[in-house]
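Shown next, in structure tokens, is the structure this report addresses.
The values are calculated or read from the model by the stated rules, or taken from the named source; none is laboratory data. These numbers come from a predicted model, not from an experiment. We place every Cβ from the backbone using ideal geometry, glycine too, and count neighbours over all the protein chains shown. Protein only, heavy atoms only, side chains kept; ligands, DNA and RNA dropped before computing areas. Shrake-Rupley method; radii C 1.70, N 1.55, O 1.52, S 1.80 Å.
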Amino acid sequence: MDQGSEVHNFIKVWLSVFAAIGYCYAIGKIAGKGVPRLVAILPVVGLFLVLPLGLHSIHLGGSTAFFIAWLANFKLLLFAFGRGPLASDPSISLPRFIALACLPIKIQPARRTDPSPGTASRSQENADPIQNGRDKQNPTPQKPQKGHKSAINYGIKILLLATILRIYDYSDRLPQKVVWFLYILHIYICLEIILVAVAVAARATLGFELEPQFDEPYLSTSLQDFWGRRWNIMVTRILRPTVYEPLLAWASRAVGRRYAALPAVLGTFAVSALMHELIFYYLGRVPPNWEITWFFLFHGVCLMVEIAAKKELKLGLRLPRPVAAALTVGFVTVTAFWWFLPPLLRCRADERAFEEYAAVGALVRDVVGRGLSFALGGAFNASSPAKP
């Protein structure tokens with residue numbers, strides 16, 4: 001793959017994205033919410049499903065597919081009906097609208113200092129099981145929300161990523177499962193670094209106060225905690241109004257409120273599975289074999305069992321946090337070995353990622369080398385005596 005042409009295509013894709021989001025912004029001013037606005041926005045939804053096909057790299061293509069084919073499309077569908085982050089502020093400026101639409105960011109709401117008792121109790125009653133990760137079995141201490149973590153936190157993760165990349169040089173001497181575990185760490189750290197870099201750029205240029213994208217998922221004490229509060233929080237928040245809440249309303253009428261969350265959870269995981277299959281297709285351009293779907297459906301069923309068990313058994317027994325975290329993360333890791341990693345390896349995602357790292361490293365060395373040559377040449381010329 002020619003890196004220069006990939007960067008050129010990347011720029012063209014994102015210029016098209018900005019133009020399309022600008023069109024949606026104008027539509028929001030002239031078309032009322034509902035079917036008229038939906039009809040006007042659907043061509044953009046289709047465009048965003050096609051644009052990632054113009055990119056082939058793991059990092060540029062994969063992140064672009066996630067940002068526009070999934071997050072932006074779901075936000076635009078909510079916007080068509082006057083819901084979601086794009087419809088929360090009618091006076092929003094065009095640059096902020098574009099950033100909210102196509103980047104994985106969410107403005108942190110102002111914190112309420114004196115909520116009424118009635119509001120607080122209703123909020124607890126209506127909390128959904130996916131979002132309510134701090135469950136009664138393994139409660140997590142409350143902490144104030146932050147728009148970003150400390151620089152030390154990300155510095156440690158960058159150092160860990162560099163260490164993992166170095167260990168890959170000896171992968172032929174390591175057990176396969178150890179290498180796969182390193183792949184999972186690699187995926188997590190890369191995702192967090194990419195998402196926080198985008199969020200920080202938006203915060204610096206547009207003044208957003210942003211919510212975090214991850215909340216240390218390796219500390220999860222249950223599947224509710226992992227999927228609802230800690231892993232890729234932006235996806236959880238966009239799936240809730242687009243999938244979970246409509247399914248919850250339907251299931252409440254069909255099976256009653258007590259068990260309505262169960263089919264809503266499974267349906268949400270099913271949609272997430274299909275979107276992951278789409279992202280993996282963009283990465284590898286091979287037809288899906290549905291292993292990713294099995295991964296998410298299996299976790300959806302397990303989360304349903306966890307929710308039902310807590311409702312029915314009401315166990316007071318609580319595992320120590322380190323034990324609960326080890327069991328949760330171990331369960332997610334093992335099932336990822338079964339169903340999540342194999343499709344990535346079949347499309348050579350690991351080899352292609354290393355090739356991209358090597359290309360970036362060569363580019364940096366070339367730029368630095370040219371810069372040093374220019375600086376040294378200029379210094380030499382300046383120190384040379386002028387010829388008569």
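The table for this structure:
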{"quantity": "Residue order for Cys190, Cys24 - accessible surface, 1.4 angstrom probe, largest first", "calculated": "Cys190, Cys24"}
{"quantity": "Contour minus Cα-Cα distance for Val364 and Val286 (0.36 nm per residue)", "calculated": "24.9 nm"}
{"quantity": "Using a Förster distance of 45 Å, the FRET efficiency for Ala375-Lys177 (Cβ separation, nearest 0.05)", "calculated": "0.40"}
{"quantity": "Surface accessible to a 1.4 Å probe, Tyr218 within the full protein complex, Å²", "calculated": "110"}
{"quantity": "Candidate residues Ser373, Ser272: accessible-area rank, largest first, probe 1.4 Å", "calculated": "Ser373, Ser272"}
{"quantity": "Label point at Arg348 placed 7 Å out along Cα→Cβ; residues across the range 49-77 whose backbone nitrogen lies under 14 Å", "calculated": "56-58"}
{"quantity": "Length gained when the stretch Leu165-Ser5 is fully extended (0.36 nm per residue, less Cα-Cα span)", "calculated": "55.0 nm"}
{"quantity": "Leu319/Arg258 FRET efficiency (R0 30 Å; Cβ-Cβ; nearest 0.05)", "calculated": "0.70"}
{"quantity": "Chain lengthening between Ile184 and Glu216 when straightened (0.36 nm per residue, less Cα-Cα)", "calculated": "10.1 nm"}
{"quantity": "For Trp231, solvent-accessible area (1.4 Å; no DNA, RNA or ligand), Å²", "calculated": "60"}
{"quantity": "Phe337/Leu53 FRET efficiency (R0 35 Å; Cβ-Cβ; nearest 0.05)", "calculated": "0.75"}
